[in-house]
Amino acid sequence: MTGRIVKAISGFYFVRLEDGRNLQCKARGVFKKRGWKPLVGDLVRVEPQGTQEGTITDLFARRSELVRPSIANVDQALLVVALVQPELSLYQLDKMLAMLALSKIEVGIAFTKIDLPHALDVLQQVQKIYEKLEYPIFALDVRHEVGVMPLHGFLQGKITVLAGQSGVGKSTLLTHLIPGSGALTGQIGDRSKRGRHTTTHVELYSYADGFIADTPGFSQYAFDHLEPSHLGVLFREIAILRATCEYRGCLHTEEEGCAVRRAVENGRMAESRYHNYVQLLTELKEAKARRY
Ligand SMILES: Nc1nc2c(ncn2[C@@H]2O[C@H](COP(=O)(O)OP(=O)(O)OP(=O)(O)O)[C@@H](O)[C@H]2O)c(=O)[nH]1
Ligand SMILES: [Zn+2]
């Protein structure tokens, strides 16, 4: 039988079978000997023992592997961003988009809290920037389930990780999409009773022939150790424009004949995006200098 590992806790793997049943499994002894470690998201072959338990006998090849959170076979991320409360930081947004690009996973952006004052003004501003970059964009009032339907098509059949800063509405969204997911165990807004703050493990929840992962957060390690010259390719418009920069190793700051700076001047690249690129570039250069 084949199934998907949806949760892993101290050597036990919870495997969701194709027929929807769950088995609590151990990996076959040979896994340890060979240094194989099953991950949440892995497609596995299992031998059931009774109706509740089983043994994982084989791992299928992984399509992708995300490190910290360790999840195999992630297709895409849904980056959840509040338009207001907390105030939207375009710097944080561009940084997250670059980090996710580094992980090589597709990204959709869900802007939340459209029901709050000034949110629509902010939405108009960000839509202009990010639609042009061809990110799938969703605008939601999560508490009243406004705008949630279009998300369905994005999530259908995929393994999606939810990403985003604290307080943007990830738990609220997950609870609406998957009632009983356990993301919100108390009243909405009652932080002391919230499940996601007491659990640090990753769990996949079934949704629309796919899965949604609620993760305790993303590691910045790989991004913080990025070679500064690699930052450009993580910005979609720079990745395209840089081919026409005159200088091959162009970092798009002071160089002559820079196509990126020209694009900013004639309005083809958003000033905020360029500004955040330069800011991140400076930070990466400083981090690199500190390491040597
Ligand atoms: N007005 C409004 N409030 C929302 C919306 N989405 C979430 N909230 C509220 O925003 C607060 C934070 O939402 P959470 O779902 O806990 O945010 P989170 O991203 O899970 O935060 P962490 O658990 O800290 O990572 C809660 O009080 C929600 O009720 C929305 O679309 N509109
Ligand atoms: Zn350039």
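The values are calculated or read from the model by the stated rules, or taken from the named source; none is laboratory data. All values derive from a computational prediction rather than experimental measurement. For neighbour counting, all protein chains shown are included, and Cβ atoms are generated from backbone atoms with ideal geometry for every residue, glycine included. To get the accessible areas, we keep the full protein, side chains included, count just its heavy atoms, and leave off ligands, DNA and RNA. Shrake-Rupley method; radii C 1.70, N 1.55, O 1.52, S 1.80 Å.
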14 Å beta-carbon shell around Leu140, net charge (K/R +1, D/E -1): 0
Among 107-115, 241-249, 37-45, what's the highest-first ranking by average C-beta atoms within 10 angstrom per residue? 107-115, 37-45, 241-249
For the chain, what is the mean residue ellipticity at 222 nm derived from helices alone (per DSSP H run of n ≥ 4: -39500 (n - 2.57); sum divided by total residues; nearest 500 deg cm²/dmol)? -8500 deg cm²/dmol
Report the Stokes-Einstein translational diffusion coefficient (µm² s⁻¹, integer) for the chain, Rh taken as the Kirkwood radius over Cα pairs, at 10 °C with viscosity 1.306 mPa s. 76 µm²/s
Roughly how big is the stretch 2-61's charge dipole about its Cα centre, with Cβ charges of +1 (Lys, Arg) and -1 (Asp, Glu), in debye to the nearest 20? 300 debye
When only the heavy atoms of the protein chains count and the probe is 1.4 Å, how do Met149, Met99 rank by accessible area, highest first? Met149, Met99
For the chain, which whole percent of the accessible surface, found with a 1.4 angstrom probe, sits on carbon and sulfur atoms? 50 percent
If R0 = 35 Å, then Ser229 and Arg143, at their Cβ-Cβ distance, give a FRET efficiency to the nearest 0.05 of 0.20
Among the DSSP beta bridges whose two residues both lie in the stretch 22-113, what percent are antiparallel, rounded to the nearest 5? 40 percent
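Antiparallel versus total DSSP beta bridges in the stretch 2-61: what percent is that, nearest 5?
That works out to approximately 85 percent antiparallel.
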Quick one: work out the % antiparallel among DSSP beta bridges in the chain, nearest 5. 55 percent
Taking the stretch 46-141, which GluC sites (Glu not before Pro) meet the DSSP loop condition and have no more than 15 other C-beta atoms within 10 Å? Glu87, Glu134
Report the full-extension gain for the segment Glu106 to Tyr247: residue separation times 0.36 nm, less the Cα-Cα distance, to one decimal in nm. 47.8 nm
